[in-house]
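K.L.:
Handing you a structure now.
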Amino acid sequence: MPDDEGNTKGETMIGKVVKNVGNSASESLAESLSSAASGAAERATKAVTDVSLVVCQENFNRMAAERSILNTRDVRETGTTSVAMSPLIYGMVDACTLSVGVDKPGEGACWVMCAPTNQGKTHAGEFLIHGNHAFRPERSLKIDATNMTDFPKDCATTVLNCGAAAGDLAVLLCKALASTKNSASKESGLAKKATSMLGKMACEPDLTIAFDSLIEMRDADEHHLLHAAHEKSMPCPILIFDEFYCETEANTDFIQLLIKEASSSGVIVFVMTTNVDWASKLIGLNGGERIKPLPANVENEGYDGVKRFLEVPLWNKLSWTLSQLRFLVLPICEEYGLEPDVVVPAGSSFSPSEALKSAKRLGIMKLREEMDGKQKHQIEIVVLSIVSNRFPQARRMISISAQL
C-alpha cells in the first residue's frame, strides 16, 4: 500500500538501505582519508626524526674527534696550560690502567667519583682527556650535567637542540666515542649541510668547546710517571659527566642504559658527583660489576677496582697532600715571588681553593708592602729635599739617601 507520499512499503525500505549504505560509505571514506592523513603525518614526523638522529650522530662524531667539552652553564675559555697532580687525577689515571688494552682496544667500564666541591673535579677531567700523558684518548667528551633532572631530555634539548635524541642518547654517545674515524673535518660534512637546511630541528649543538690545547703536568716526576705506560697500550675512549648530582628516576634509567652501551662499546665512563647517597645508589645499579666506585675514592679494605664491588662504599674526601698543594700554588708564587712552602706550611690542612686563596692573599700583601715601601722612600726624599733647601749641610746626606 502506498504511503502518504505515494511510495510503496518496499520502496521505502530500499531507500533506507541505500541511504544507510551511502552514509556508511561516506564514513568509511572519511576514516580512510583521516587514517591516510594521520599515516602521512606520522611518516613525515618519523622522517624528520630519522634525519635529526643522523645529524645528531654526525655532530657527536665530530665533537668526540675534537675531544669537546659540552658546558651547559657557560662557554668559558679553557686557558689552563698546566695542572698539579691531584688525588682525582691520580685516581682517574689509575682506573684507566684497569681498562686499557694492549695491541687491541680495552674494555668499557663505568666509575663513580664522589667528592666535595672545590676538590678539582673539573680540572682533573679536563687533564685526563687533554693532558700530556700516555692514556690520553683519541676520542672523548666531557659534559656538564649541572641541574639536569632528566639528563637525556635536558642534554638533547639544551646542548644539542634536538629533542629527538633523548631516547637514543646513550647509544649516540657511545657510538660516537667508539668510532674509528680519526678526522673530525670529514665527519662534519653531513651535519653542516643538514643544520643549514633544517636549523635547530636537525640538531645544532650549542655551548661546546673544541679543546685542542695540551695540558702539562707541573711536577716533572709525576709527568715522567704518567708516560711510563706500555708502548703498545691503546687508551680507551672516555666519557665524563661533571656535576651529575640529580637523583631522579630518569637519570637512573639513563645510567643503566649507558652501562650496557659503554661495556659493549669499550668506552670508559666517569660520573662525577657531590651527592654521597646518589653515588652509593649508582654503585648498586649493576651489582657492583660494571659500575664501581673509583678505587682511590673509597676506604673499603682490599678494594682495588678489579673485583666486583659488593659493599657499602666508604667515600673519602680525596684530600690533597702538601706536595700537591704546593705545586698547585706554584704559578701564583712565581708571579709574586713567594715560596710555596711558606704559602702551604707544614701541618696545614688546606683544600685546593683555600690554598689558592692563601697564595693570592699573601701575594697581594707582599705587593702592597713593596708599594708602601716605595711611597715611604719617595716621601722621605721629598722631606729631605725640603730640609736641604734650608740647611745646605744636609745636602750630602740627601744625596746618599737618594742613591739607596
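The values are calculated or read from the model by the stated rules, or taken from the named source; none is laboratory data. This is a predicted model, so every value here is computed, not measured. Don't worry about glycine lacking a Cβ; one is built from the backbone with ideal geometry, like all the others, and counts go over all protein chains shown. Keep in mind that these areas ignore ligands, DNA and RNA; they rest on the heavy atoms of the full protein, side chains included. Shrake-Rupley method; radii C 1.70, N 1.55, O 1.52, S 1.80 Å.
K.L.:
Any idea how many residues of segment 231-255 are at pLDDT below 90 and among the hydrophobic types (A, V, I, L, M, F, W, C)?
P.N.:
3
K.L.:
Somewhere in segment 158-173, is a residue within 14 Å of the chain's Cα centre (by Cα) and under 28 Å from Phe309 (Cα atoms)?
P.N.:
The answer is yes; a qualifying residue exists.
K.L.:
A further question on this structure: Can you say whether Lys193 is modelled with pLDDT under 90, among the charged types (D, E, K, R) and not in a helix (DSSP H, G or I), as far as the supplied structure shows?
P.N.:
no
K.L.:
Pull up segment 267-310, narrow it to residues that are part of a loop (DSSP other than H, G, I, E, B) and free of Cβ contacts under 8 Å to residues at least 12 places away in the same chain, then point me to the one that is nearest to Phe127 (Cα to Cα).
P.N.:
Restricting to residues being part of a loop (DSSP other than H, G, I, E, B) and free of Cβ contacts under 8 Å to residues at least 12 places away in the same chain, the top hit is Asp304.
K.L.:
Looking only at segment 203-222, filter to residues that are more than 16 Å from Val159 (Cβ to Cβ) and in contact with a His (Cβ under 8 Å, 6 or more places away or on another chain); which one of those is modelled with the lowest pLDDT?
P.N.:
Ser213
K.L.:
Considering each of Arg326, Arg361 in turn, give the residue that is at pLDDT 90 or above, among the basic types (Lys, Arg), touching a Pro at 6+ places or on another chain (Cβ under 7 Å) and over 30 Å from Trp278 (Cβ atoms).
P.N.:
Arg326
K.L.:
Let me ask you something else. Any chance you could count how many residues in segment 106-154 are assigned to a loop (DSSP other than H, G, I, E, B) and not hydroxyl-bearing (Ser, Thr, Tyr)?
P.N.:
Residues in segment 106-154 being assigned to a loop (DSSP other than H, G, I, E, B) and not hydroxyl-bearing (Ser, Thr, Tyr): 20 in total.
K.L.:
Same structure again: Exactly one condition in (1) open to solvent by 90 Å² or more (accessible area, probe 1.4 Å); (2) modelled with pLDDT of 90 or more is false for Tyr336; which is it?
P.N.:
(1)
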